[in-house]
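J.: One structure, as structure tokens, below. Some questions next.
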Amino acid sequence: MIYASSKTRGMFEKIPGSGTWWIRYADARGCIRREKVGSLEAAEARLKIRREEAKIGIMPLLARQRRAVPFKKIADDALVYADDHKRSAKVDHSRMKKLKEWFGERPANSITAKEIECHFELEKSWEAGTWNRYRSLLSLTYRLAIRAGEVKENPARQSRHRTESSGRVRFLLPKEEVKLRKVIREKFPQREPELDLALNTGLRLSEQYGARWDDVDFERRVFTVPLDKGGQTSHVPLNAAALKALRDLYRQHGKSGFVCGGRCSSRSWFEDAVNAAKIKGFTWHCLRHTFASRLVMSGADLRTVAELLRDKTLAMVMRYAHVAPDYKLAAVERMGSSFGVSVSTKLTPAVEAQKSASTMVQ
């Protein structure tokens, strides 16, 4: 390669005429170093500084230049993680397509929180929940990239989190359950155990229809969810009604590896049954709300309900508090009976004297 040198020793162009100058010098240890600088003037100034540093024994602080990692790379890594650890991996793949359309080949470290919000705001149809789910996926993507040493900051974490409405809790009323069971027994009699299992365990649709018989322990009365929504293994206790439903299902599908016979969902019968029973605004997920609401109405405290629903926080569980408005009163009454002092309706001597004096004045 032909180098072009300047009149000042220790400066050269790798490509003659490019205007990009390099410097060559010996550092404080006597090691020969080369640095890409830029303009001729900048190279002259940098070379002077390096030589002065070498004289007084200071080693140069050189920035380690790394090739910027594109967003597409950290996005693909996040999807690999989702496949291994999350039940929502399919949803993550779908959402990541849009994120790749926005940021694909961009250097991951060049994307800002403001830019993320601008893209989100252009999606007019998004509810607060959708906004937060995309933000959460982006944040996970950057957290994994930081752990891998590919980026230093997480812009998604600095973007806004929108307040979500807790929504209306729809649960199955007793009279609605009577109508629904009547329709199921007439049109889909073999499906009733699936309904009973959902009502007595609060399993999510994907958990119930993806469950295998290996996950059921009849002796210990425990149903194991190998990978729940939070990416953890959880254990669901089985009451008598749930055990009966599972035994009925075993008689139907014992030879199958799946509790519900390998079906993907309840769509083939549940919606028809609900419509035939003329129950409005009711979906399969409402069975989970029914499970939680009945627990609260039966006297279960909200912490227990949260554990049975396998929710990480009490925020979502508080939606069910209204179905048992006396639970707060019951709590303070229990505290009062345990630690309180007996209350007497008799007036104290001072109050009694004040009352007598008032009577005499009248």
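J.: Condition check: of a type in the set (Phe, Trp, Tyr), more than 27 Å from residue 225 (Cβ to Cβ), buried (at least 17 other Cβ atoms within 10 Å of the Cβ) and in contact with a Lys or Arg (Cβ under 8 Å, 6 or more places away or on another chain). Does residue 171 satisfy that?
T.: Values: of a type in the set (Phe, Trp, Tyr): yes; more than 27 Å from residue 225 (Cβ to Cβ): no; buried (at least 17 other Cβ atoms within 10 Å of the Cβ): yes; in contact with a Lys or Arg (Cβ under 8 Å, 6 or more places away or on another chain): yes.
Spelling it out, it is not the case that residue 171 is of a type in the set (Phe, Trp, Tyr), more than 27 Å from residue 225 (Cβ to Cβ), buried (at least 17 other Cβ atoms within 10 Å of the Cβ) and in contact with a Lys or Arg (Cβ under 8 Å, 6 or more places away or on another chain).
J.: Only residues that are among the polar types (S, T, N, Q), surrounded by 17 or more Cβ atoms within 10 Å (Cβ to Cβ) and closer than 21 Å to residue 68 by Cβ: list them for the stretch 111-150, please. Steps first, answer last, please.
T.: Narrowing the stretch 111-150 to residues among the polar types (S, T, N, Q): 112, 125, 130, 132, 136, 139, 141.
Retained after the next criterion (residues that are surrounded by 17 or more Cβ atoms within 10 Å (Cβ to Cβ)): 132, 139, 141.
Scanning the stretch 111-150 gives 139, 141.
J.: Mind checking whether some residue in the stretch 128-144 is small (Gly, Ala, Ser) and in a loop (DSSP other than H, G, I, E, B)? Show your work before the answer.
T.: Initially, the stretch 128-144 is screened for residues small (Gly, Ala, Ser), giving 128-129, 136, 139.
Imposing the further condition that a residue be in a loop (DSSP other than H, G, I, E, B) reduces the set to none.
No - not one qualifying residue is present in the stretch 128-144.
J.: From the list 243, 199, 180, exactly one residue is buried (at least 21 other Cβ atoms within 10 Å of the Cβ) and modelled with pLDDT of 95 or more. Which is it? Please lay out each step first, then the result.
T.: Details: 243 fails: buried (at least 21 other Cβ atoms within 10 Å of the Cβ); 199 fails: buried (at least 21 other Cβ atoms within 10 Å of the Cβ).
None of the others qualify; the one that does is 180.
J.: For residue 203, are the conditions met, namely being touching a residue at least 40 places away in the same chain (Cβ under 8 Å), under 30 Å from residue 259 (Cβ atoms) and within 22 Å of the chain's Cα centre (by Cα)? Write out each step before concluding.
T.: Details: touching a residue at least 40 places away in the same chain (Cβ under 8 Å): yes; under 30 Å from residue 259 (Cβ atoms): yes; within 22 Å of the chain's Cα centre (by Cα): yes.
It is true that residue 203 is touching a residue at least 40 places away in the same chain (Cβ under 8 Å), under 30 Å from residue 259 (Cβ atoms) and within 22 Å of the chain's Cα centre (by Cα).
J.: Which residues, counting only those in the stretch 239-259, are touching a Leu at 6+ places or on another chain (Cβ under 7 Å) and in a loop (DSSP other than H, G, I, E, B)?
T.: Matches in the stretch 239-259: 259 only.
J.: Within the stretch 274-299, which residues are closer than 19 Å to residue 208 by Cα and surrounded by fewer than 16 Cβ atoms within 10 Å (Cβ to Cβ)?
T.: Of everything in the stretch 274-299, those that are closer than 19 Å to residue 208 by Cα and surrounded by fewer than 16 Cβ atoms within 10 Å (Cβ to Cβ) turn out to be 283, 285.
J.: Then there's this: Within the stretch 140-177, can you find the residues that are among the hydroxyl-bearing types (Ser, Thr, Tyr) and at pLDDT 95 or above?
T.: Residues of the stretch 140-177 among the hydroxyl-bearing types (Ser, Thr, Tyr): 141-142, 159, 163, 165-166.
Matches in the stretch 140-177: 141, 142.
J.: Right, here's the next one. So which residues in the stretch 246-282 are small (Gly, Ala, Ser) and over 16 Å from residue 204 (Cβ atoms)?
T.: 254, 256, 257, 261, 262, 268, 273, 276, 277, 281, listed by residue number.
J.: Got at least one residue in the stretch 261-273 being under 18 Å from residue 174 (Cβ atoms), over 25 Å from the mean Cα position of the chain (by Cα), surrounded by 15 or more Cβ atoms within 10 Å (Cβ to Cβ) and of a type outside the set (Phe, Trp, Tyr)? Spell out the reasoning first.
T.: Just the residues of the stretch 261-273 that are under 18 Å from residue 174 (Cβ atoms), to begin with: 273.
Of the ones still in play, those that are also over 25 Å from the mean Cα position of the chain (by Cα) are 273.
Among the residues that remain, those that are also surrounded by 15 or more Cβ atoms within 10 Å (Cβ to Cβ) are: 273.
Right, trim to of a type outside the set (Phe, Trp, Tyr) and you get 273.
Within the stretch 261-273 (the criterion being under 18 Å from residue 174 (Cβ atoms), over 25 Å from the mean Cα position of the chain (by Cα), surrounded by 15 or more Cβ atoms within 10 Å (Cβ to Cβ) and of a type outside the set (Phe, Trp, Tyr)), the answer is yes, since at least one residue qualifies.
J.: May I pose another question? Under the condition of being of a type in the set (Lys, Arg) and at pLDDT 75 or above, which residue from the stretch 303-337 is surrounded by the most Cβ atoms within 10 Å (Cβ to Cβ)? I'd like the intermediate steps shown before the answer.
T.: From the stretch 303-337, those of a type in the set (Lys, Arg) are 303, 310, 312, 319, 328, 334; that's our starting set.
In the following step, the residues that additionally are at pLDDT 75 or above were identified as 303, 310, 319.
Values: 303: 10, 310: 18, 319: 15.
Among those that are of a type in the set (Lys, Arg) and at pLDDT 75 or above, it is 310.
The values are calculated or read from the model by the stated rules, or taken from the named source; none is laboratory data. On a predicted model such as this, the values are computed, not experimentally measured, just so you know. We place every Cβ from the backbone using ideal geometry, glycine too, and count neighbours over all the protein chains shown.
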